[in-house]
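Input: a single structure, listed below in C-alpha cells.
Read-outs throughout are calculated quantities, based only on the coordinates presented, and are distinct from any laboratory measurement. Since the structure is predicted, the reported quantities are computational estimates derived from the model, not experimental observations. Positions of Cβ are backbone-derived with ideal geometry, glycine not excepted, and every protein chain shown enters the neighbour counts.
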Amino acid sequence: MKKLLAMGVIGLFAATMNAALADENAELVIDGQAFVTKLDAPADSPLSEILSGWRFRNDETQSLQTDDFENPAMIFAEYGQELWETADGADGKSCADCHGDAAESMKGLRAGMPKWHEGKKTLFALEDHINWSREEHQKAKPWKWESQEMLAMTSYIGLQSRGMPVNVKIDGPVAEWWERGKELYYTRVGQLDMACANCHEDNYGNMIRADHLSQGQTNGFPVYRLKWQGMGSIHRRFKGCMDNIRATPYKRGSDEFTALELYLASRGQGLSVETPALRN
C-alpha cells in the first residue's frame with residue numbers, strides 16, 4: 001500500500017514535469033529596494049541555483065508582496081510594533097524599554113536565525129529568543145508558538161532585517177544541530193514514505209495538484225499564506241508538510257523542527273530576508 005501511495009504522488013509530479021516558473025524574469029522590489037531572490041548555488045550545494053519561494057508564486061501574489069499597503073502580512077508587523085512598545089509582565093517593562101528602537105537593535109537578527117544561545121546552551125529559533133526575553137526580563141508569560149502575538153512580534157522583528165542576506169552560522173556548537181537537520185531533510189517518513197528532498201529538491205518547479213513546488217526556502221517566514229488566510233511560522237509549514245505525507249509531525253518549537261529550520265536556512269544563504277512575506 002505504501003508503494004502504491006508513493007507511486008500516486010510520483011504520478012502527480014510526472015503529469016506536470018515541465019511546469020514553468022510564474023515569471024523567470026521577475027524581480028522583487030519593495031519601496032525601491034531590490035531583493036535577491038535568485039543565486040548561483042555554491043559548489044557543495046545539491047541545487048543548481050538558489051531560488052526564493054517568491055519566484056514560484058503567480059504574478060498576482062508576487063505583485064501583492066511588492067506593495068506594503070497591499071501585503072496583508074504587514075498588518076501583523078504593525079501589531080508587532082504595538083506589542084514592542086507595550087509594557088507587560090510583573091516588571092512592567094516593554095521590549096522598547098530595554099532594546100529601544102527596533103530598527104536599530106533588531107537589525108540583522110532575523111537574518112542569522114536560528115542561532116546558538118550561550119546562556120541556555122542550545123539552539124534558539126526567533127520564537128525562543130522572544131519567550132526567553134519575556135520570562136527573563138519582563139517576568140511575563142511566554143506566548144504560544146503560533147499565537148497572534150508571537151506571529152506579530154516575529155513579523156515585526158523580522159521586518160527590521162528585510163533586504164539583508166540570510167547568514168546563519170553552521171559551525172561551532174550548532175554544527176551537530178545542522179547535521180541533525182540535514183538528516184531529517186533526507187529521511188523518508190510517513191505512509192507515503194517521502195522526505196523533504198523528494199518535493200523541494202527533486203521536484204521543485206513542478207506542480208502537485210494546484211501547488212507549485214518551491215525549494216522550501218525559509219527567508220520569508222513568518223509568512224501570510226492565502227491558503228491559511230493568515231500568518232504562520234516555518235514550524236507550522238513543517239507540520240503541514242508532514243501531515244501531507246501522513247507522518248506524525250514533531251511539535252512546534254521541538255529540537256527536530258529547530259534543527260531542520262537551521263539546515264533549511266543554510267540552503268538559502270545569501271537570499272534576501274523577505275519577512276513578512278506573502279505566499280499562496
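What the table below lists for this structure:
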| read-out | value |
| --- | --- |
| The stretch 137-274, Cα convex hull volume normalised per residue, Å³ | 132 Å³ |
| Built amide H within the under 5 Å cut-off of residue 124, gap 5+ | 115, 116, 117 |
| Descending Cα extents along the principal axes, the chain, whole Å | 58, 40, 36 |
| Percent RCO, i.e. relative contact order, over the chain, from Cα pairs under 8 Å lying at least 6 residues apart | 27 percent |
| Burial ranking of peptide ranges 147-159, 30-42, 123-135 (average Cβ count within 10 Å, highest at the top) | 147-159, 123-135, 30-42 |
| Alpha carbon centroid spacing (whole Å) that separates the stretch 156-181 from the stretch 32-65 | 18 Å |
| Cα gyration tensor, the stretch 73-159 - rounded (a/c under 1.5), prolate or oblate | rounded |
| Charge dipole (the stretch 137-191, unit charges on Cβ, about Cα centre) - positive-most of 178, 159, 147 | 147 |
| Over the chain: helical MRE at 222 nm, DSSP H runs n ≥ 4 each giving -39500 (n - 2.57), nearest 500 | -10500 deg cm²/dmol |
| Long-range HN-HN contacts of residue 223 with modeled amide H, under 5 Å | 232 |
| Cα centre as origin, Lys/Arg/Asp/Glu Cβ charges: the stretch 73-159 dipole, Debye | 360 debye |
| Links that overshoot a 19 Å alpha carbon limit, given the list 182/239; 115/169; 121/144; 121/169; 107/169; 120/182 | 121/144; 120/182 |
